[in-house]
Amino acid sequence: MLDRERPDVVHITTPPQSHLPLSRLALDAGCHIYVEKPLALNHGDAKALIDAVATAGRKMTIGYTYLFDPPALEMRAASDRGVLARWFTWKAGSAYNLAGQFGSAILVIPHTGPTLCR
């Protein structure tokens, strides 16, 4: 696939023990990489991956959640204090044109919480 399709970016979503070898294959094919967390299982593999990215002259980003950033911690504390009645999650649609086929699928899902904006 790397040779035939020549993607610009490869999203590595496999178990962490495969991140380094698969990332190296993608980097060797000239791709940038988006690696899901955790980046690696140990410091040595993480450093080897960072070094491989630098050597290849490519870019890498790591999948990241905001669960422990200050706003999320405050929301959790507010929930614990009873200020927030319940949690909700809205991931889908944040990167889609809501007027298209994905948006029409998202907009028909009943939801509680904030109104979806177009």
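The values are calculated or read from the model by the stated rules, or taken from the named source; none is laboratory data. Model, not experiment: these values are computed from the prediction. Glycine also receives a Cβ, built like all others from the backbone with ideal geometry; neighbour counts cover every protein chain displayed. Please note that ligands, DNA and RNA were not included when accessible areas were found on the heavy atoms of the full protein model with its side chains. Shrake-Rupley method; radii C 1.70, N 1.55, O 1.52, S 1.80 Å.
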Using only the Cα atoms of the range 1-83, what do you get for the radius of gyration and for Dmax, in Å? 16.7, 55
From the phi of every residue in the range 46-61, what ³J(HN,Hα) in whole Hz does the Karplus formula 6.51 cos²θ - 1.76 cosθ + 1.60 yield, where θ is phi - 60° and glycine or proline is x? 5, 5, 4, 5, 4, 5, 5, 5, 5, 4, 6, x, 10, 10, 9, 10
Need one value: the accessible area of Lys37 in square angstrom, 1.4 angstrom probe, rounded to the nearest 10. 100
Could you work out how far apart the two model spin labels at Thr14 and Lys59 are, taking each label as a point 7 Å from the Cα in the direction of the beta carbon, and quote it in nm? 2.5
Quick one: order Ser23, Ser18 from most to least accessible surface, probe 1.4 Å. Ser18, Ser23
Once Leu25 and Asn42 are pulled to full extension, the length gained, defined as 0.36 nm per residue separation minus their Cα-Cα distance, is 4.2 nm
Length gain on complete extension for the stretch Leu67 to Arg4, per 0.36 nm per residue less the alpha carbon to alpha carbon distance? 18.9 nm
Measure of exposure for Leu41: accessible area at 1.4 Å probe, Å² rounded to 10, is 110
Using amide H atoms built 1.01 Å from N in the peptide plane, name the residues 5+ places from His11, or on other chains, whose amide H lies under 5 Å from its own. Tyr34
